[in-house]
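Heads up, the thing below is written out as structure tokens.
The values are calculated or read from the model by the stated rules, or taken from the named source; none is laboratory data. Owing to the predicted nature of the structure, the values given are computational and were not obtained by experimental measurement. Here the Cβ is made from the backbone with ideal geometry for all residues, glycine too, and neighbour counts use every protein chain on show. Heavy atoms of the whole protein, side chains included, go into the accessibility calculation; ligands, DNA and RNA do not. Shrake-Rupley method; radii C 1.70, N 1.55, O 1.52, S 1.80 Å.
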Amino acid sequence: MSLPRFEPHRYDALLADKARRVSALLAPFDPPAATVAPSPPEAFRMRAEFRFWHGGDDSFYAMFDPAAPKEPLRVDDFPIACTPIRERMEPLRRALRDDADLRRKLFQVEFLAATTGEVLVTLAYHRRLDDAWEAAASALAEALGLAIVGRSRGQKVVIGRDWVKEQLTVDGRRCHYRQREQAFTQPNAAVNVAMLEWACAAASELPGDLLELYCGNGNFTVPLARHFPRVLATELSKVSVRDARHNLADNGVDNAAVVRLSAEEMSSALRGERAFRRLAELPVPLEDHDLRCAFVDPPRAGLDPATLASLRRFDHLLYVSCNPHTLAENLAVLHADYRITRFGLFDQFPYTDHMECAVALARR
């Protein structure tokens, strides 16, 4: 929870410099010129996380300067957060400060919002939550128009629900998502839409069925499904698999199936090394899929060697990366067999060094 830099007057220059550095990193792999998707310079984050600091009769949101990590910095406004979060920060702070049941041993506050205006707040405590806390939290949720999740060690209490309903318009079509508390979701809704539209444009040119690894809650699966006869998506997290299946059904997507397998397990199945009972439950058997394209959005560590090797059976790859350095490492392996046909840069995290990258690869 380090205090982020915020320099809207320099946003264009900072983005241009970041795009130059990432483009230079990937230049050895001969990509075309990158399309760069900027972020709104403020009010772009759909998630925010703060320590909740107590001093005398006062309590406040706090973040930290890495140069002085033990000294809390008071946060009264957070201009990079979306409007629904910013509007609730101060009323929530006052309510938490003034209610003994809500304040006692509260140490962290997390916000999750959606473009629909829905907000969910997670309150983390160093104590067990009791009936008095639940009554106070229920009254607070109603007063501020939000959902609340209370957490302490081994305990989770949900007031309302533990997810928000997101709605994104991708290429003129509305996509609905259940975004769950403490599950991974893209933090910048506007840039997420740009990523989804880039992926759909790349997918519209590709043949056969699609294999998607690391599908999460179906963020990409939902809009990509209309560009393929069938989509087989995999994800390891039970909660994300459940949400992905819900999101597919909620969007009327009937040509995609989600299986709870890791990327390594799916790679083993593709090589015929192991049969998985979960694959046997597919509505269409694995062997009846015409899998000629793969879409991957791996964690920061990139693709492991076994998964990378298994992907070389595909003629076309779409690779979204949150870490340009591990993307470069993976491209060093793929470059002899694949050429980059599309290259996108997406500023998910303005005012930081992080840049989301995407490449479309076609077999040489």
Leading residue by the ranking (most open to solvent (accessible area, probe 1.4 Å)) among those in region 117-139 that are closer than 27 Å to Ala189 by Cα and out of contact with any Gly (no Cβ under 7 Å at 6 or more places or on another chain): Glu118
Extreme residue, surrounded by the fewest Cβ atoms within 10 Å (Cβ to Cβ), among residues of region 147-196 that are out of contact with any strand residue (DSSP E or B) (no Cβ under 8 Å at 6 or more places or on another chain) and closer than 25 Å to Arg300 by Cα: Phe184
From the list Arg51, Arg5, which one is assigned to a strand (DSSP E or B) and either of a type in the set (Lys, Arg) or under 22 Å from the mean Cα position of the chain (by Cα) (or both)? Arg51
Residue pairs, Cβ under 7 Å, 6 or more apart or interchain, first in region 299-310 and among the hydrophobic types (A, V, I, L, M, F, W, C), second assigned to a helix (DSSP H, G or I). List them. Ala301/Thr326; Leu303/Asn330; Ala306/Glu264; Ala306/Ser267; Leu308/Asn330; Leu308/Val333
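For region 228-252, enumerate the residues that are under 15 Å from His289 (Cβ atoms), open to solvent by 40 Å² or more (accessible area, probe 1.4 Å) and either in contact with a helix residue (DSSP H, G or I) (Cβ under 9 Å, 6 or more places away or on another chain) or of a type in the set (Lys, Arg) (or both). I'd like the intermediate steps shown before the answer.
Of region 228-252, the ones under 15 Å from His289 (Cβ atoms) are 228-234.
Of the ones still in play, those that are also open to solvent by 40 Å² or more (accessible area, probe 1.4 Å) are 229-230.
Correct list: Arg230 only.
So, in region 7-23, how many residues would count as being within 12 Å of Pro38 (Cα to Cα), out of contact with any strand residue (DSSP E or B) (no Cβ under 9 Å at 6 or more places or on another chain) and either surrounded by fewer than 18 Cβ atoms within 10 Å (Cβ to Cβ) or among the aromatic types (Phe, Trp, Tyr) (or both)?
If we filter region 7-23 for residues that are within 12 Å of Pro38 (Cα to Cα), which is where we start, we get 11-16, 18-19.
From what is left, the residues that are out of contact with any strand residue (DSSP E or B) (no Cβ under 9 Å at 6 or more places or on another chain) are 11-14.
Narrowing the set further to residues that are either surrounded by fewer than 18 Cβ atoms within 10 Å (Cβ to Cβ) or among the aromatic types (Phe, Trp, Tyr) (or both) leaves 11-13.
Number of matching residues: 3.
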